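Undergrad: Below you'll find the structure I mean.
The values are calculated or read from the model by the stated rules, or taken from the named source; none is laboratory data. The structure displayed is predicted, hence computed values, not measured ones. Every residue, glycine among them, receives a Cβ derived from its backbone with ideal geometry; neighbour counts consider all protein chains shown.
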Amino acid sequence: VTVAQDLLIEGGTVVTVDATDRVFVGDVWIRDKRIAGVGPPRSLAVPPGTRTLNARGCIVCPGFVQVHVHLCQALFRGAAEERALLPWLSERIWPLEGAHDAASLRTSAELGIAELLLGGTTTALDMGTVRHGREIFGAAARMGIRLVSGKTHMDVGSGSLVESTDASVKEACLLADEFHGAADGRLHYAFAPRFILSCSPALMQAVAHEARQRGCLLHTHASESPGELDAVRAATGKDNIIALHDLGLTGSDVVLAHCVWLNDAEQALLARTNTVVAHCPSTNLKLASGIARIPELLSDGIRVAIGADGAPCNNRLSAFTEMRLASLLQKPRLGAMAMPAAQVMRMMTQGGADALGLGRDIGSLEVGKRADVTVVDLQRPHLRPTTSSPLATLVYAAEAGDVRDVFVDGAACVRNGRLVRAELAAVLDDADRALLQVAARAGIANP
Ligand SMILES: [Zn+2]
């Protein structure tokens, strides 16, 4: 285990994402896992002998915060192509998820966390899966990422993922008691009913109650595709967000992934309840779900952050891809000024942190915050020449492979483009082997 060490990151272009979006060339001082100073070169009162890291020619920014991912699906990247949401779920994702054993889930989580860390993401909200959830927390604890995760709940329908209501709630409570606040506060638990169509009203109400008893987030999917809306209306007689609200699944502690299709009443309800929308632009395009009206949601005062969702519907877990798309998607409809780089960068950092209730601890490079820091190497042709808009460089031009160093709680997770706390080659070998085993158990040939 790598221990956090005090460190001065010197001479980079510091993108703070503080209240005034300060950007300057200077230093970031990490002391006791937190940011102890941010300022112009050699301006900080750093004790002699403090280790230094040369960041000249780099951007130093807050680690990215993705508010909707599925680590259990990292293993299924490329194994569920060219399908819309409901067949994508029923033909591939649910059978594959149901065929996970503890070892394959561990491998999937390691693969996903490796990709997130190597791409500069330091915090993620993960949807988990129905069984073996301890493996995901274990992988996060070992590899150093900050993770909010929770067991997925499904008690309606058929298939190997569906459980009894009581068993589902009971297991989640045990996991929450074990992992919420674990690893020196780096792990958090979120209750994660999959979506309204796979959860009974009794289950939804029970997890909402248990989450609020413990101060945990609630994390679910909502209003991703038109077919889903019709099915929700048939099942509940209500529009999706109204039905969720009536079950207790709105509020400042609720993250709803997608929200592509909302009517005016639903939009007003999200604003009034301070519910968070997790925008997943790549997924919404690839599953042909539609384009979420994010600028309209933001101007209504709705809290929006961003996530890459699952590897089989993206197929990347890159914060850079999602930032670029989140901006570009809106411009043909609303004009070139829509979703500017600074706004999107804020959504992927401080906005994501706020969405997870962690905004006082992470999300910007400011004194007192936990030292979650990403260093992006600009020695690449697609990132040059140097301009006065490093935010535009990050949002429109940079890629996951440009990340050089990543720190979480001041501990190095990536150095010089390499994972520090896991052996990547072993993870990749395990992933190839594990996919074949899971697919065989699921009865899927040639994944
Ligand atoms: Zn999802």
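Undergrad: Give Glu224, Glu228 a once-over and let me know the one that is within 16 Å of the ligand (Cβ to nearest atom) and within 21 Å of the chain's Cα centre (by Cα).
TA: Testing whether each residue is within 16 Å of the ligand (Cβ to nearest atom) and within 21 Å of the chain's Cα centre (by Cα) leaves just Glu224.
Undergrad: Applying the selection to segment 411-441, what residues are small (Gly, Ala, Ser) and farther than 30 Å from Arg34 by Cα?
TA: Of the residues in segment 411-441, the ones small (Gly, Ala, Ser) are 411-412, 417, 422, 425-426, 431, 434, 439-440.
Within segment 411-441, Ala425, Ala426, Ala431, Ala434, Ala439, Ala440 meet the criteria.
Undergrad: Please find, among Ala371, Ala398, Ala431, the residue that is small (Gly, Ala, Ser) and surrounded by fewer than 22 Cβ atoms within 10 Å (Cβ to Cβ).
TA: Ala431
Undergrad: Please find, within segment 291-308, the residue that is nearest to Phe320 (Cα to Cα) out of those that are more than 16 Å from the ligand (Cβ to nearest atom) and part of a loop (DSSP other than H, G, I, E, B).
TA: Ile291
Undergrad: Examine segment 24-33 for a residue that is among the acidic types (Asp, Glu) and either within 16 Å of the ligand (Cβ to nearest atom) or in contact with a strand residue (DSSP E or B) (Cβ under 8 Å, 6 or more places away or on another chain) (or both), and state whether such a residue exists.
TA: So the first thing to find is which residues in segment 24-33 are among the acidic types (Asp, Glu), and the list is 27, 32.
Right, trim to either within 16 Å of the ligand (Cβ to nearest atom) or in contact with a strand residue (DSSP E or B) (Cβ under 8 Å, 6 or more places away or on another chain) (or both) and you get 27.
Among the residues of segment 24-33, at least one is among the acidic types (Asp, Glu) and either within 16 Å of the ligand (Cβ to nearest atom) or in contact with a strand residue (DSSP E or B) (Cβ under 8 Å, 6 or more places away or on another chain) (or both), which makes the answer yes.
Matching residues to (1) buried (at least 24 other Cβ atoms within 10 Å of the Cβ); (2) out of contact with any His (no Cβ under 8 Å at 6 or more places or on another chain):
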site	(1), (2)
Cys72	yes, no
Glu81	no, yes
Ala84	no, yes
Gly98	no, yes
Ile113	yes, yes
Gly120	yes, yes
Ala140	yes, yes
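Undergrad: Still on this model: Here is a check on your reading of the model: is Ala288 assigned to a strand (DSSP E or B), touching a residue at least 24 places away in the same chain (Cβ under 8 Å) and within 16 Å of the ligand (Cβ to nearest atom)?
TA: For Ala288, the condition - assigned to a strand (DSSP E or B), touching a residue at least 24 places away in the same chain (Cβ under 8 Å) and within 16 Å of the ligand (Cβ to nearest atom) - is not met.
Undergrad: Does Val232 satisfy the criteria of being buried (at least 21 other Cβ atoms within 10 Å of the Cβ), over 20 Å from Met154 (Cα atoms) and free of Cβ contacts under 8 Å to residues at least 60 places away in the same chain?
TA: no
Undergrad: How many residues does segment 281-309 contain that are out of contact with any Cys (no Cβ under 8 Å at 6 or more places or on another chain) and farther than 22 Å from Gly215 by Cα?
TA: Here the count works out to 15.
Undergrad: Is it the case that some residue within segment 412-423 is crowded, with 22+ Cβ neighbours inside 10 Å and more than 20 Å from the chain's Cα centre (by Cα)?
TA: no
Undergrad: Still on this structure, I have one more. Scan Leu269, Leu329, Leu262 and give me the residue that is more than 16 Å from the ligand (Cβ to nearest atom) and touching a His at 6+ places or on another chain (Cβ under 7 Å).
TA: That would be Leu269, the only listed residue that is more than 16 Å from the ligand (Cβ to nearest atom) and touching a His at 6+ places or on another chain (Cβ under 7 Å).
Undergrad: Same structure again: Any idea which of Ile145, Ile196 is in contact with a Ser or Thr (Cβ under 8 Å, 6 or more places away or on another chain), under 30 Å from Leu118 (Cβ atoms) and among the hydrophobic types (A, V, I, L, M, F, W, C)?
TA: Of the residues listed, the single one that is in contact with a Ser or Thr (Cβ under 8 Å, 6 or more places away or on another chain), under 30 Å from Leu118 (Cβ atoms) and among the hydrophobic types (A, V, I, L, M, F, W, C) is Ile145.
Undergrad: Quick one: count up the residues across segment 42-58 that are over 31 Å from the mean Cα position of the chain (by Cα) and surrounded by 13 or more Cβ atoms within 10 Å (Cβ to Cβ).
TA: So the count comes out to 3.
Undergrad: Can you name the condition, by its number, that Ala80 falls short on among (1) within 14 Å of the ligand (Cβ to nearest atom); (2) assigned to a helix (DSSP H, G or I); (3) more than 30 Å from Ser364 (Cα to Cα)?
TA: If we test Ala80 against (1) within 14 Å of the ligand (Cβ to nearest atom); (2) assigned to a helix (DSSP H, G or I); (3) more than 30 Å from Ser364 (Cα to Cα), just (2) comes out false.
Undergrad: Could you list all residues from segment 74-125 that are touching a Cys at 6+ places or on another chain (Cβ under 8 Å) and under 19 Å from Glu224 (Cβ atoms)?
TA: Ala80, Trp88, Glu97
Undergrad: When you check Asn315 against the structure, is it outside any helix (DSSP H, G or I), modelled with pLDDT of 95 or more and within 16 Å of the ligand (Cβ to nearest atom), yes or no?
TA: yes
Undergrad: So in segment 1-36, with the set limited to residues that are in a strand (DSSP E or B) and acidic (Asp, Glu), which one is surrounded by the most Cβ atoms within 10 Å (Cβ to Cβ)?
TA: Asp27
Undergrad: In segment 350-371, is there at least one residue being part of a helix (DSSP H, G or I) and touching a Phe, Trp or Tyr at 6+ places or on another chain (Cβ under 8 Å)? Outline the logic, then answer.
TA: As a first pass, look at segment 350-371 and keep what is part of a helix (DSSP H, G or I): 350-355.
Filter again for touching a Phe, Trp or Tyr at 6+ places or on another chain (Cβ under 8 Å), leaving 352.
Yes.
Undergrad: Considering each of Ala292, Ala311, Ala234 in turn, give the residue that is among the hydrophobic types (A, V, I, L, M, F, W, C) and under 24 Å from Ala338 (Cα atoms).
TA: Ala292
Undergrad: Give me the residue from segment 266-304 that is small (Gly, Ala, Ser) and out of contact with any Asp or Glu (no Cβ under 7 Å at 6 or more places or on another chain) and, out of that set, farthest from Asp354 (Cα to Cα).
TA: Once the filter is applied, the top-ranked residue is Ala288.
Undergrad: Tell me yes or no: at least one residue of segment 426-445 is in contact with an Asp or Glu (Cβ under 6 Å, 6 or more places away or on another chain), under 26 Å from Val376 (Cβ atoms) and touching a residue at least 12 places away in the same chain (Cβ under 8 Å).
TA: Applying the first criterion (in contact with an Asp or Glu (Cβ under 6 Å, 6 or more places away or on another chain)) to segment 426-445 yields 427.
Add one more test, that the residue is under 26 Å from Val376 (Cβ atoms), and what stays is 427.
Cutting the leftovers down to touching a residue at least 12 places away in the same chain (Cβ under 8 Å) gives us 427.
So far as segment 426-445 goes, yes, one or more of its residues are in contact with an Asp or Glu (Cβ under 6 Å, 6 or more places away or on another chain), under 26 Å from Val376 (Cβ atoms) and touching a residue at least 12 places away in the same chain (Cβ under 8 Å).
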